[in-house]
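> Take a look at the following structure, please.
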Amino acid sequence: MKAIKEQVKVEIDFPPETFTTMRVIGLEGEKLIWELKKAMALHLFRKGLLSIGKAAELAELCLADFIELLIQEGMPIATYTLEELEKDLQAFERLER
């Protein structure tokens, strides 16, 4: 049995001109909502505030589709710092001994 998740609604005010422009380019209704969720998911993931799984959930995409979206947007799927690499290399060297 799947747990029912309660949804939280957020209201956003746009200047009338901006909203009109969005409507002209086809961003209204459910499409606008989806685009905003997708943009927020990408932004929060890029800043490291959401995990890849939570960002995919926010964008209402499966993980594979969210990864594809990251690739399309030219965003890295994961970050791997030089410090992390050095630690991993040290761990491998200890294993070889």
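The values are calculated or read from the model by the stated rules, or taken from the named source; none is laboratory data. On a predicted model such as this, the values are computed, not experimentally measured, just so you know. Quick reminder, even Gly has a Cβ in these numbers, built from the backbone with ideal geometry, and neighbours come from all protein chains shown.
> With respect to L82, is the statement that it is among the aliphatic types (A, V, I, L, M) and at pLDDT 95 or above true?
Spelling it out, it is not the case that L82 is among the aliphatic types (A, V, I, L, M) and at pLDDT 95 or above.
Listed here are the residues, each with its yes/no results for (1) small (G, A, S); (2) at pLDDT 90 or above.
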{"residue": "K31", "(1), (2)": "no, yes"}
{"residue": "M40", "(1), (2)": "no, yes"}
{"residue": "L44", "(1), (2)": "no, yes"}
{"residue": "G48", "(1), (2)": "yes, yes"}
{"residue": "S51", "(1), (2)": "yes, yes"}
{"residue": "A64", "(1), (2)": "yes, yes"}
{"residue": "E68", "(1), (2)": "no, yes"}
{"residue": "A78", "(1), (2)": "yes, no"}
{"residue": "F92", "(1), (2)": "no, no"}
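> Need at least 2 residues that are loosely packed, with under 10 Cβ neighbours inside 10 Å and either without any contact (Cβ under 8 Å) to a residue 12 or more places away in the chain or small (G, A, S) (or both) per element, so show me which helices (runs of 4 or more DSSP H) inside the range 1-88 make the cut, counting only ones lying wholly within it.
In the range 1-88, the matching helices (runs of 4 or more DSSP H) lie at 16-24, 29-46, 63-72.
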